[in-house]
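These notes are about the structure you will find just below.
Here, each number is a calculation from the coordinates, and none is a lab measurement. This one's a predicted model, so the numbers in the text were calculated from it and none came from an experiment. Counting neighbours? That spans all protein chains shown, and the Cβs are built from the backbone with ideal geometry, glycine included.
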Amino acid sequence: MILNTAKQISARNVLEGLRQGLTRFSGPSRVALIMAESRDSKLLVHDPRRLLRGHEPKLAKVFLESDEWRETAPDTASMKPFGQAAWAQKLHLTGMICSGGYAQPLFYQMWFTELHPNMCSTGPTERWLEHAVWLLAHDYASEGAFFTSASKHALEAFEHHAVRNHLFAEMSKTLGRPPHIPLYPILEAVLNVSTTREEGQPPTGRVIFIEPAEADNVQWMIRFPEVERPFLHNAKHVRKLLLSVEDSTRRLVSDGERVLGICAQANGLSNRLTADFQDRFGFLRLGGKSVCSFVDGVYQSTTRKPNLVVLEEALLEAQTGPDQGHALFQMTSAIVDQARKEGFGCTLVLDPGASLPPMAGQHVDPPLHLEDPQHLDLAKSLAKLDGALHLTGAGLLCAFACLLDGRGVDSEDRSRGARYNSALRFTAMHPRIIVVVVSADTPVFIIQGGVQLNAACDLHKEGDLDLNPPALESWLEGQ
C-alpha cells in the first residue's frame, strides 16, 4: 500500500534533518522512527541505517505482544491539530536515547538515536527528539500544504535550542517556576567570549549565572556599582575580566545581562549555571553537572575526553595479564589526557609483551616505573618531544623520542600527518604492538596491525527515498 507521499516525504525529511543535526552535536549519529498515523493503523518503521537491528526481541515485546502503548494513549481526537502533544512512555534500549509522543494528526511516534559513550548529558538530545515529535506532527497536520523542508532545516541547526530547552526544563523543575535569567543571550555570550582572545590567549576561568533573587546569597569579594556593571554581550570586556579569576576558586557573577561582580566561591548556589572556560574549549554546567561542552564557537555533547574503550579492549586481548593491561591503560589515559589538555600531539608505542627490540630513540636505563607518580609526570613531559614513547605491559618507560618506520601500507591516509601514517607502517610490521596517536587538534587514533581500530563508520546517505516504509511485523522478519 503506497501511503500519502507528502506525509512520507515529511517523515524522511525530519529524520534526515535530525540525523544531520545530532551528527554535528555528538558525532556520527543514526536516527530511527516507529510511528502509527492513527489509533488503528499498523506501526511503520523508518530505519534507513539499521539503528534498531539487534533490538528486535524488545521491540516485538513492547509493540506486538502488548497493546499498552495503544491502550494508554490519550484521546488524541480532542487535541488541537497544531501545538498540542502528549509524551509517550520511553523505551529502555541498551545504547539508545529515545523520546516520543501522541498527537492528533499523527497518533504515535517514537524516535531513537545512539547514546554516545562520551556525552556530557543526554538531556539536550532528548529535547531534540521531542522537537522532532512536534515538527512531524505539524507537517502531518498540514498534509504538505506548506511543503518547504523547513522542519528538516530547523532540526539541522537546533543545538542552541536543545541546550536552552534542557536548561529551562531542569531549572524550572528545581525552582518550581520558569527561570528569570535570559538563557538565549547567555548561550550566545558564552560562545562569543570563548572565541575572544586576550593578547593572543584563549580564555580560562569561570562565570556563574544566577537568578536576581540569589544575589544576596553570593559570597561577594567585589560587587560592582549598578551603573558600572559591564554588559555580558560585550565579549571583549568580559574576556578581560576573566583574567581576574584565572587559576583560582574565584568566579565572575552575572545575572545574564550584566557582570555583577566577583565572588570567592560558588557554595550555596545549588541551581547555578556555570560557564567553565578551559583555554581552547569549555563546559556548560548546571548545578555542578556538565550539560555540554563548547569549542570553536559551537556547542557539542562531548566530554572532550577521548573514547578509549577500543584501546582497553585491545590491551585485554594482548598477551599480558588483566592487571597489567589495566595499569597500562590507566597510564596511557593519563598521558593522553595531558596532551589533549595542553594541546600538543604525541605518539605512544604500547608493547604489552615487551617483544620489541630496542627502538631508534633516546633509551632510559634503567626503565622508569610509571606507577610512580613522579615518573608518570615526567613521561607526560617527555611526550611533548618529537618522536614516540615506548611503554611495556609492565608499566615501564623504556625510551622516548623514538622514530617509527616501516614499509608503505594501503591504509595510509595522506590527509593525516606523519605521526598517523608512521604508526600505520610501524604496526603493520609489528602486529602485536598498539600505537596511540594524539593529534594536536585533539583527535586520538588507536592503531594496530596497520589499521585504525577506532575509525568511525562512514554513514553514507541512503539513496532512493523510501515512500513505503515496512510495517513493524515485516521489518521484524527482516524485510
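Brief remarks follow.
- Size descriptor, Kirkwood hydrodynamic radius, that averages inverse alpha-carbon separations across the chain, Å: 25.5
- Computed from the C-beta positions of Lys58 and His180 and an R0 of 56 Å, the FRET efficiency is 0.85 to the nearest 0.05.
- Gain on full extension, evaluated as 0.36 nm per residue between Asp410 and Lys42 minus their Cα-Cα distance, stands at 127.6 nm.
- Using 0.36 nm per residue and subtracting the Cα-Cα separation, the extra length available between Ala86 and Gln374 on full extension is 97.9 nm.
- Spin-label model distance (nm) - Leu243 vs Ser172, 7 Å beyond Cα toward Cβ: 4.2
- Contact order relative to length of the stretch 1-126, as percent, for alpha carbon pairs under 8 angstrom and 6 or more apart: 24
- Under the combined filter of DSSP loop state and at most 12 neighbouring Cβ atoms within 10 Å, the stretch 167-246 retains these GluC sites (Glu not before Pro): Glu199.
- Placing dummy labels 7 Å off each Cα toward the beta-carbon, the span from Gln330 to Ala213 is 4.7 nm.
- Computed on the chain, with alpha-carbon pairs under 8 angstrom and 6+ residues apart, the relative contact order is 13 percent.
- Evaluated over the Cα positions of the stretch 280-358, the convex hull gives a direction-averaged projected area, one quarter of its surface, of 7.0 nm².
- The aspartates and glutamates whose alpha-carbon is closer than 20 Å to the alpha-carbon of Lys173, local same-chain residues fewer than 8 away aside, are Glu126, Glu130, Glu211, Glu214, Asp255.
- Relative contact order, percent, the stretch 139-227 [alpha-carbon distance under 8 Å, six or more residues apart]: 19
- Considering helices alone, the calculated mean residue ellipticity of the chain at 222 nm is -10000 deg cm²/dmol, with DSSP H runs of length four and up weighted by -39500 (n - 2.57) and normalised per residue.
- Lysines with Cα under 21 Å of Lys380, excluding same-chain neighbours fewer than 8 positions away: Lys305, Lys341
- Cα convex hull volume per residue for the stretch 309-452 (Å³): 96
- Kirkwood estimate for the stretch 5-157, i.e. one over the average of 1/r between Cα atoms, Å: 15.6
- Cα-based Rg and Dmax for the stretch 161-304, where Dmax is the largest Cα-Cα distance (Å): 13.9, 43
- Relative packing of peptides 177-186, 231-240 - highest average C-beta neighbours within 10 Å first: 231-240, 177-186
- In loop segments of the stretch 3-85 as defined by DSSP, the chymotrypsin sites (Phe, Trp or Tyr not before Pro) with at most 16 further C-beta atoms inside 10 Å of their C-beta are Phe82.
- Filtered trypsin sites (Lys or Arg not before Pro), the stretch 23-108: DSSP coil and at most 12 other beta carbons within 10 Å: Arg50, Arg53
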